[in-house]
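*Asks:* My questions will all concern the structure given below.
The values are calculated or read from the model by the stated rules, or taken from the named source; none is laboratory data. Model, not experiment: these values are computed from the prediction. FYI the Cβ positions are ideal-geometry reconstructions off the backbone, even for glycines, and counts take in every protein chain you see. We work out accessible area using only protein heavy atoms, side chains counted, and drop any ligands, DNA or RNA first. Shrake-Rupley method; radii C 1.70, N 1.55, O 1.52, S 1.80 Å.
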Amino acid sequence: DFSFTKLVVEDVDAMARFYQEVYGLNPVGRVQERIGGEAIDEIMLSAGAEVGPGSLVLLRFVERPAVSRGEVILGFTTSDLPALLERIRAAGGTIHEEIREIPGLGLRVAFAKDPEGHLAELVQMAVPAA
């Protein structure tokens, strides 16, 4: 069963703060170990109190150079897309594509980047009729 997504980042502490401030995720664990002999540092974030389906794990390979961007697109839903975009800006992220309506589906979508440039698709479902 699908359980979590690992996002490779340069600064796990800074990125954990960003995802906590913007998306309300909670830090639920930290691991400093090795994968195939390479040192890693990771912080596990979740909407709940423990790692489970939908958790986001931020991982840094301690001895590797900076990572490339665009390796994954994270998806988040919200009931207030404009407020989410403001939180992203306030926390040091950028808006990659402003809000647009998706005709026939009753939803709005935007794209944003965290401070390291990782892309997220942001969706507001069931937009109320104007």
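*Asks:* Using a 1.4 angstrom probe, figure out how much accessible area the stretch 20-118 has per residue, in square angstrom, rounded to the nearest whole.
*Replies:* 56 Å²
*Asks:* Can you give me the long-range amide H partners of ARG30? Hydrogens built in the peptide plane at 1.01 Å from N, cutoff under 5 Å, separation of 5 or more residues or another chain.
*Replies:* MET44
*Asks:* So which chymotrypsin sites (Phe, Trp or Tyr not before Pro) in the stretch 1-106 pass both tests, a DSSP loop state and at most 12 other Cβ atoms within 10 Å of the Cβ? Working shown, then result.
*Replies:* On the way: sites: PHE2, PHE4, PHE18, TYR19, TYR23, PHE61, PHE76; in loops: PHE2.
For chymotrypsin sites (Phe, Trp or Tyr not before Pro) across the stretch 1-106 that sit outside H, G, I, E and B with at most 12 neighbouring Cβ atoms in 10 Å, the list reads PHE2.
*Asks:* Before rounding to the nearest 500, sum -39500 (n - 2.57) across all DSSP H runs of length at least 4 in the chain and divide by the residue total; then give [θ] at 222 nm in deg cm²/dmol. Intermediate results must be reported in sequence, preceding the final value.
*Replies:* On the way: 2 runs with 22 residues, N = 130.
Mean residue ellipticity at 222 nm (helix-derived): -5000 deg cm²/dmol.
*Asks:* Then there is this: How much accessible surface area, in Å² rounded to 10, belongs to the heavy atoms of SER68 with a 1.4 Å probe?
*Replies:* Number for this one is 80 Å².
*Asks:* Further, regarding this structure: Determine the dipole magnitude for the stretch 1-115: charges of +1 sit on the beta-carbon of Lys and Arg, -1 on that of Asp and Glu, nothing else is charged, the reference point is the Cα centre, and the result goes in debye to the nearest 20. The partial results should precede the final answer.
*Replies:* Details: 12 positive and 18 negative charges, 31 e Å.
That gives the stretch 1-115 a dipole magnitude of about 140 debye.
*Asks:* If you don't mind, there's one more thing I want to ask. Just the Cα atoms of the stretch 73-130, one point each, no solvent: what log10 I(q)/I(0) does Debye give at q = 0.13, 0.18 Å⁻¹?
*Replies:* With no solvent term, the Cα-only Debye profile gives -0.30, -0.55.
*Asks:* Which far-off residues, 5 or more places away or on another chain, put their amide H under 5 Å from the one on ALA47, with H placed in the peptide plane?
*Replies:* HN-HN under 5 Å from ALA47: ASN26.
*Asks:* Probe radius 1.4 Å, ligands and nucleic acids ignored: give me the carbon and sulfur share of the accessible area of the chain as a rounded percent.
*Replies:* Details: 3850 of 7290 Å².
The C+S portion of the solvent-accessible surface of the chain is 53 percent.
*Asks:* Among the GluC sites (Glu not before Pro) within the stretch 25-57, which fall in a DSSP loop and have no more than 15 other Cβ atoms within 10 Å of their own Cβ? Write down the numbers at each step before the final one.
*Replies:* Numbers: sites: GLU33, GLU38, GLU42, GLU50; in loops: GLU50.
Sparse-neighbourhood loop GluC sites (Glu not before Pro): GLU50.
*Asks:* Continuing with this model, one more query. Which angle from 0 to 90°, rounded to the nearest 10, does the C-alpha axis of helix 12-23 make with the longest principal axis of the chain?
*Replies:* For helix 12-23, the angle is close to 20 degrees.
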